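Remarks on the structure that follows.
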Amino acid sequence: MSAKKLSLAFGVIFIAVGLLGYFNNPIIGLAENAIFHADGMHNIVHIVSGVLFLLVALAAPASSRRFLILFGIVYLLVGVIGFISMGTTGMGQVLGFLHVNGADNYLHVGLGLIILVCGLASRK
């Protein structure tokens with residue numbers, strides 16, 4: 001699959017997840033029973049990330065592969081920092097502004113690896 005198509009797909013997914021966080025649901029949000037913790041700032045980060053994916057894919061498709069690789073590395077690092085600073089349980093802040101829980105740390109590491117591998121394996 002081309003890096004442009006992958007960037008478009010990740011863009012749509014990130015925007016959808018960011019919007020989902022504003023609605024009461026058991027998957028992502030502020031509710032105590034939500035699997036992944038996300039407050040307003042976390043939702044904005046998801047939406048902005050999605051918009052960046054779309055902008056790169058549409059405005060600079062030749063840079064999509066590099067963006068996927070860079071974004072994957074950043075997300076992977078956010079997950080690792082989360083594990084180092086708070087472990088696998090409880091809630092805390094990563095980078096001083098991003099509220100996460102243990103499940104978020106696993107998700108960030110997993111997504112980082114997936115996006116990184118997609119970038120490395122994609123066609124230019």
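The values are calculated or read from the model by the stated rules, or taken from the named source; none is laboratory data. All values derive from a computational prediction rather than experimental measurement. Note that each Cβ is placed from the backbone with ideal geometry, even for glycine, and that neighbours are counted across all protein chains shown.
Residues are listed down the side, and each one gets a yes or a no for (1) modelled with pLDDT under 90; (2) surrounded by fewer than 16 Cβ atoms within 10 Å (Cβ to Cβ); (3) not in a helix (DSSP H, G or I):
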site	(1), (2), (3)
Ala9	no, yes, no
Val12	no, yes, no
Ile15	no, no, no
Gly18	no, no, no
Phe23	no, yes, yes
Pro26	no, yes, yes
Ala31	yes, yes, yes
Ala34	yes, no, yes
Residue check for Ala103: under 15 Å from Gly11 (Cβ atoms) and either at pLDDT below 95 or surrounded by fewer than 14 Cβ atoms within 10 Å (Cβ to Cβ) (or both): no
Tally, over segment 75-122, of residues that are under 18 Å from Met41 (Cβ atoms) and assigned to a loop (DSSP other than H, G, I, E, B): 3
Test result for Phe10, hydrophobic (A, V, I, L, M, F, W, C) and in contact (Cβ under 8 Å) with a residue 24 or more places away in the chain: yes
Top-ranked residue in segment 83-99 [being at pLDDT below 85 and within 16 Å of the chain's Cα centre (by Cα); ranked as surrounded by the fewest Cβ atoms within 10 Å (Cβ to Cβ)]: Phe97
Residues of segment 53-66 that turn out to be in a helix (DSSP H, G or I) and more than 25 Å from Gly40 (Cα to Cα), as a count: 9
Lone qualifier among Gly110, Gly79 - being crowded, with 20+ Cβ neighbours inside 10 Å, within 13 Å of the chain's Cα centre (by Cα) and in contact (Cβ under 8 Å) with a residue 12 or more places away in the chain: Gly79
Sole exception among (1) at pLDDT 95 or above; (2) within 18 Å of Gly112 (Cα to Cα) for Val80, by number: (1)
